[in-house]
Each structure stands twice: as C-alpha cells, then as structure tokens.
Amino acid sequence: MRDRRGERHPHQPHDGNGLIIPAPGTARYDVAIVGGGHNGLTAAAYLALAGKSVIVLERLGEVGGAAVSTQAFPGVDARLSRYSYLVSLLPRRIIDELKLDIRLARRRYSSYTPLPGTDTGLLVDTGDPAATTASFAAIGASADAGHWRTFYDGTARLARTLFPTVTEPLMTRAETRRMLGDDALWTELIDDPIGATVERRFADDLVRGVVLTDGLIGTFAPAVDESLAANRCFLYHVIGGGTGDWDVPIGGMGSVSGALRRAAHDAGAEVRTAAEVTAITPDGEVTYRHGDIEHTLASTTVLANVAPFELARLLGEEGSIPRPEGAQGKVNLLLKRLPRLRDARLNPVAAFGGTFHANEGFGQLGSAYDSAIAGRLPEPLPVEIYCHSLTDPSILSPELRASGTQTLTVFALQTPGRLASEATNDTLRDQLQAAVLRSLDGVLAEPLADLLLTDADGRPCIETKTTLDLEHALHMPGGNIFHGPLSWPFAEDDAPRATPAERWGVATAHPHILLAGAGAQRGGAVSGLGGHNAAMAVLESD
C-alpha cells in the first residue's frame with residue numbers, strides 16, 4: 001500500500017507481479033471501476049459477463065453521471081435530460097452485445113437558424129431536400145446549397161470509414177488515411193483547421209457558422225483554430241453511427257444509464273452508490289468513503305471512469321497533467337408552448353424539431369471567442385437549443401402533454417471555465433441566464449420568459465449551469481464535458497502499441513490502472529466507448 005504521497009508502506013506484502021496481497025478481511029476484486037457513469041457501467045457489464053469479479057463505486061446517490069434524467073423543478077412532473085441529451089456515438093454493437101433496452105428516435109429536421117435582423121432563416125429539412133434548397137435561397141445563399149450537399153457527402157464518407165473502427169484496437173493515422181482513400185478529404189477535415197475549410201467551402205456567413213458549431217460544442221477555440229482542437233470536436237460530431245445523426249433517447253438519458261445498470265447487475269457486477277473514492281494506489285488498492293465509514297479494497301485492475309485530471313488527484317499525482325477547461329453553459333427550461341417565430345410562415349415544430357441555432361454566424365462565433373478571451377461573456381451569446389419533448393413526449397406527465405408543455409435545453413458556446421470562480425459563480429450564473437434569454441429573444445417573435453412554466457413554489461422553470469456548477473455536480477474539472485482535450489480516434493504512427501491498453505487507447509502511466517471514461521482515446525459524448533475499450537484491454541491481457 002502507498003500513502004497519499006505515493007510511497008509504499010514497508011510492511012504491505014506484494015506478489016511477484018507487483019500486486020498487493022490484501023490484508024486479512026480486505027475485499028478483493030478482479031476489477032474495481034471508479035465512477036458509475038455510462039462508461040463505467042458498460043465496462044462492468046462486459047467484464048462481469050466474461051466472468052470477472054467487478055465492483056463499481058459511484059460517488060453520487062445514483063448511477064449515470066452526466067447521462068441522467070431528473071425532475072429538476074419541484075412539483076412539475078417532467079424528467080429532463082439534465083446534462084447530456086442526445087445520442088450519436090453509442091455503437092449498435094454495444095447495444096446488441098449487452099442486450100440493452102434502449103430506443104432511439106431519429107429527428108426529421110436537422111437544424112433551423114434565424115438570420116439575425118430578418119424574418120427568415122435557414123431550415124435544413126432532411127425529409128425534404130427541395131425545401132432545404134428553397135431555404136438557402138430565402139437567406140440569399142443559393143450557391144451554398146450545392147456546397148452543403150457536397151461537404152456533407154464527404155463527412156458521411158468519413159463517418160462510414162471511421163465509425164466501425166471505434167470498437168476495435170486503434171488503427172494508426174496512416175492506416176486510417178489509407179482506408180479513407182481520399183487524401184483531399186483527409187486534408188480538409190483532419191489536417192487543415194476546420195474553420196479554414198469552412199471558409200473555403202462556403203460563402204455565406206450564416207451557413208459557415210452552422211457548419212462550424214459542431215467544432216465548438218464543448219470546445220473553446222477561435223473560428224480558425226490552428227491547434228486543431230475544433231477539428232477533433234467536429235469529427236466526433238459528424239461520425240456517430242456511421243451517419244453523423246444525433247438521436248433522441250426515448251425516456252431521456254436516464255433510460256440509457258438505466259439499461260446499462262441493469263445489464264451490469266444482471267451480469268453479476270456489484271454497483272455501490274454513495275461511495276466516494278478518496279485514493280487509488282498504482283498497484284490496485286482503492287479507498288472509498290461510504291457514509292461515515294472508510295473502506296479499502298484490492299483489485300487486479302482499476303478502471304478510472306473519471307477525468308484524467310481527477311485520476312491524478314486520487315493517485316496523489318497532482319500537477320502531473322494540466323487542468324482542463326470547459327467551454328459551455330447549460331440552461332434547461334419548461335415552456336407553456338413553443339415560442340412564435342419571426343417567420344410566421346414556418347411552423348415552430350419544424351424550427352425546434354432539430355437543433356435551433358441563435359447568433360451562431362461564423363463572424364459571431366469568432367467575436368464571441370474574442371470576448372471570452374478578454375474575460376467577458378459574449379454579447380450576443382451564441383446558443384443552440386433542442387426540444388426533447390417534440391420527439392419524445394414520454395418525459396412529460398399526461399397532464400403536461402395535454403397542456404402543450406415543451407422542454408428546451410440550451411447549450412451556450414464560447415463561455416469558458418476561466419470566466420467562473422468560486423467568488424463570482426452566482427453572479428456569473430445570473431448573467432449567463434440573462435444572456436441566453438437575450439440571445440433567444442433577439443431572434444424570436446416574443447419574449448421567452450413570458451412562456452416559462454412555474455414550479456410548485458411559484459418560481460419560473462429555468463435552471464442554469466456554469467462550467468463551475470458542472471464541476472461541483474459531476475467532478476468534471478473545469479466543467480469540461482469531455483473530461484479533457486479530445487483526441488483523434490486513431491493512434492499517431494509513432495505511438496506505442498505494445499500493450500493491450502495502448503492498442504485500445506486506455507493506457508495510463510500505471511499498468512494496473514486504465515482509463516475507462518470520456519478521457520480515454522475515442523472518449524467524449526454518451527458512447528460507452530471508453531468503457532467498452534477498457535474492458536476489451538482487460539480481457540485481451542488475460
């Protein structure tokens with residue numbers, strides 16, 4: 001055993017492989033999983049099915065992490081997907097192999113983006129290509145309609161190539177490029193800054209912004225990002241399922257985590273909630289607090305379904321990796337009905353049936369970044385909205401459905417963690433909420449605040465989360481929803497791949513500790529990939 005400084009206690013015996021020999025009475029597992037989010041539950045199910053003894057330790061009182069459904073407003077029977085809300089990167093292979101009872105609904109509309117200062121906007125209707133072409137013409141961007149189809153034909157080819165590889169050992173960059181077989185497409189989407197590609201491919205500022213947003217959701221970057229962080233974010237947003245579609249989980253995100261918990265339980269894994277891990281040793285010992293009692297267990301392998309920065313803290317290795325930074329605010333609302341649009345010809349069901357963009361032109365996204373760098377909330381604030389209840393009204397009680405109630409989830413871009421501090425967080429939360437409402441009011445035909453339901457205490461049904469709120473609630477350092485910088489879904493050509501953990505993209509500096517969350521390579525989003533790939537590395541090591 002080691003103390004918090006990482007020094008080995010002299011009298012703790014070890015076997016010939018460097019693993020601790022537990023003290024009498026110490027529980028011993030093949031695998032201890034730290035964190036009961038969707039990735040941890042995925043790993044638990046696979047490993048327990050393979051005959052491993054598995055325990056999952058979850059700090060909160062329920063599993064699921066960010067993939068949960070919550071009754072957010074007192075006395076209002078609506079189960080909101082509070083943090084994460086759509087599914088794209090969860091492979092059908094995981095659903096089938098674990099026999100998960102998960103239903104996903106495809107949205108008819110891709111997006112609607114009002115043209116600020118006008119009574120029109122861009123509607124991308126996947127069910128009616130002619131209507132989409134007409135919408136491009138309505139905003140004066142007819143030339144970009146063809147460019148749009150060509151560009152997304154390219155992302156679809158990339159998706160068909162890349163997505164089948166995410167549940168297999170990592171391919172190298174060179175192997176992946178050869179598999180794609182299109183060097184020009186590779187250069188545009190992988191090698192060149194995605195913002196520069198967007199500028200070359202499209203002429204209209206609004207169209208450019210709609211495309212670029214997939215590179216900035218959860219990532220703080222300028223419109224043209226030489227670091228390519230926006231490219232990696234964009235890539236994961238367009239390859240899901242081999243199509244790039246983002247689907248609505250019927251019953252909310254909690255239904256996804258619930259299905260995974262049942263799979264883990266039925267396979268024989270032990271899941272312990274309200275169990276906060278306080279320390280991990282490199283040789284597999286885990287200390288956790290359950291109630292007022294501290295427990296210690298030993299394991300052959302620890303799977304860390306926590307951010308790498310958080311793992312370093314638990315190992316007593318603070319300072320070994322940079323602190324990550326999130327880049328988004330979240331606002332959940334319940335409305336009496338959908339708001340009226342400035343374009344009275346368009347049904348709000350179409351506008352809010354996909355992703356509703358507000359103030360996300362290419363120039364606005366760049367200016368918003370500059371404001372945030374200068375320490376200010378952007379004005380107007382770039383936001384995008386999705387309405388779960390239009391596709392899946394099951395999250396609302398029959399009474400709410402009958403009344404016309406709808407949910408809105410708002411994702412505010414270019415609001416980095418650096419704007420938040422413990423001293424100013426309450427003020428920032430109020431400012432963020434007000435900025436979101438102003439942004440939306442600027443493109444709608446009526447004030448959104450007038451449509452808010454009230455809860456049992458008479459308060460408006462709106463809740464806002466800053467990056468610091470996400471850190472407090474979910475232990476996501478800096479409020480980073482990806483647990484850290486996203487990585488490419490392939491290995492660099494010179495990357496080590498000698499061990500199973502390296503081949504699956506889940507290795508740490510310690511052989512008995514593997515990454516199993518969003519911070520693993522090919523992590524991020526509700527995908528189960530971090531857990532699946534960590535489990536495969538464990539089984540390959542046998």
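The values are calculated or read from the model by the stated rules, or taken from the named source; none is laboratory data. For clarity, every value in this text was computed on a predicted model and none was experimentally measured. As a convention, Cβ positions derive from the backbone with ideal geometry for all residues, glycine included, and neighbour counts pool all protein chains shown. Keep in mind that these areas ignore ligands, DNA and RNA; they rest on the heavy atoms of the full protein, side chains included. Shrake-Rupley method; radii C 1.70, N 1.55, O 1.52, S 1.80 Å.
Brief remarks follow.
- Taking 20 Å as the cut-off, the amide N atoms of segment 334-376 that come nearer than this to a point 7 Å along the Cα-to-beta-carbon line of residue 128 belong to 338-357.
- Residue among 176, 129, 523 farthest towards the positive dipole end of the chain, charges placed on Cβ: 129
- Each part gets one Cα centre, and for segment 132-146 versus segment 71-91 those centres are 34 Å apart.
- Helix 253-267 vs. the chain, principal-axis angle (Cα, 0 to 90°, nearest 10): 20
- Protein accessible area in the chain, 1.4 Å probe - carbon and sulfur %: 51
- Length released on extending from residue 105 to residue 542, taking residue separation times 0.36 nm less the Cα-Cα span: 153.5 nm
- Accessible area per residue was computed with a 1.4 Å probe on protein heavy atoms; residue 205 scores about 70 Å².
- Fully extending the segment from residue 289 to residue 423, taken as 0.36 nm per residue of separation minus the present Cα-Cα distance, adds 45.4 nm.
- Helix 129-138 axis versus longest C-alpha principal axis of the chain: approximately 60°, rounded to the nearest ten.
- In terms of overall dimensions, segment 277-424 has a Cα radius of gyration and Dmax of 22.2, 65 angstrom.
- Relative to the dominant Cα principal axis of the chain, helix 362-373 is inclined by about 50°.
- Shape summary: the chain maps onto an equivalent ellipsoid whose semi-axes, from the alpha-carbon gyration tensor, are 40, 27, 21 Å in decreasing order.
- Mean residue ellipticity (222 nm) of the chain, computed from DSSP H runs ≥ 4 via -39,500 (n - 2.57), nearest 500: -9500 deg cm²/dmol
- Distance in nm between pseudo-label sites at residue 344 and residue 266 (7 Å out along the Cβ direction from Cα): 5.4
- Residue 148 accessible area, assembled protein chains, probe 1.4 Å, Å²: 30
- Residue list for segment 72-115, given a label point 7 angstrom along the Cα-to-Cβ vector of residue 457 and an amide N cut-off under 11 Å: 73-75
- Rounded FRET efficiency, nearest 0.05, which uses the C-beta distance separating residue 203 from residue 175 and R0 of 30 Å: 0.25
- Using a Förster distance of 51 Å, the FRET efficiency for residue 226-residue 28 (Cβ separation, nearest 0.05): 0.55
- Averaged over its residues, the chain has an accessible area of 38 Å² per residue, based on protein heavy atoms and a 1.4 Å probe.
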